[in-house]
């Protein structure tokens, strides 16, 4: 045991030394603007300060932010949309408001081959999901993480699924089971545009549970990872099929959310 402990200590020390050497040769830069920063894979103070974190009161179901903090005394308040038409998922949480700052990062990661954003964005998912267990505790062992899938044609063109990269890192950080191909997209839909009703029609019948996945989600808490929540049409369609196959609970986790003014 002592030898194993010594080996780990040497390994950690060697990693720190190697990181220091790399930082000398290739000084770390802000992911967004490129100015020098202390640690690689991070933002500078200005770019971090430009992010609009969704930390105030929000709908207990879809995560829509309530402006002005008027509902600070209400523990669980549901927006009008969720009261009128409850979604198939149980809870949705997002780290950021979708604006110029967050859009630049997400598009660079999604379409610009900036894969170095993956660990940073996965950390933001962790912040949105909430704190980890207390010391000595563990997360429930019935939690699995699935990314929203791309159709094979889009995946072939883009070469990677940004949701899968974030989901894998998030699951590893939290010790959750990760099912990268738990869902399949069988309908090649055009990029989502238009209102919620149009988007819902666009993704109707687009997703199926992969062979062998049903037994692994039955009775489980499923965390569904995507990059942006716009109207929720995509994640609602995914949640519906997961619930149909026995998922006990479906939670949605995205980097950002489009926040259009609406009645709460």
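Brief remarks follow.
- Segment 58-83, residues that are outside any helix (DSSP H, G or I) and modelled with pLDDT under 90: 66, 70, 71, 72, 73, 74, 75, 76, 77
- Restricting attention to segment 162-188 and to residues that are in a loop (DSSP other than H, G, I, E, B) and in contact with a strand residue (DSSP E or B) (Cβ under 6 Å, 6 or more places away or on another chain), the residue that is surrounded by the fewest Cβ atoms within 10 Å (Cβ to Cβ) turns out to be 186.
- Output for segment 213-261, where each listed residue is over 28 Å from residue 66 (Cα atoms) and touching a helix residue (DSSP H, G or I) at 6+ places or on another chain (Cβ under 8 Å): 217, 242, 245, 246, 247
- Number of the condition not met by residue 86 [criteria: (1) within 26 Å of residue 158 (Cβ to Cβ); (2) assigned to a loop (DSSP other than H, G, I, E, B)]: (1)
- Selection within segment 94-111 - outside any helix (DSSP H, G or I) and in contact with a strand residue (DSSP E or B) (Cβ under 6 Å, 6 or more places away or on another chain): 94, 95, 96, 98
- For beta carbons closer than 7 Å, sequence separation of 6+ or different chains, a first residue in segment 48-70 that is over 14 Å from residue 130 (Cα atoms) and a second that is assigned to a helix (DSSP H, G or I) and modelled with pLDDT under 90, the qualifying pairs are 57/69.
- Strands (runs of 3 or more DSSP E) completely within segment 200-264 that count 1 or more residues being closer than 20 Å to residue 59 by Cα and in contact with a strand residue (DSSP E or B) (Cβ under 6 Å, 6 or more places away or on another chain): 221-229, 249-257
The values are calculated or read from the model by the stated rules, or taken from the named source; none is laboratory data. Because the structure is a prediction, the values reported are computed rather than measured. Glycine also receives a Cβ, built like all others from the backbone with ideal geometry; neighbour counts cover every protein chain displayed.
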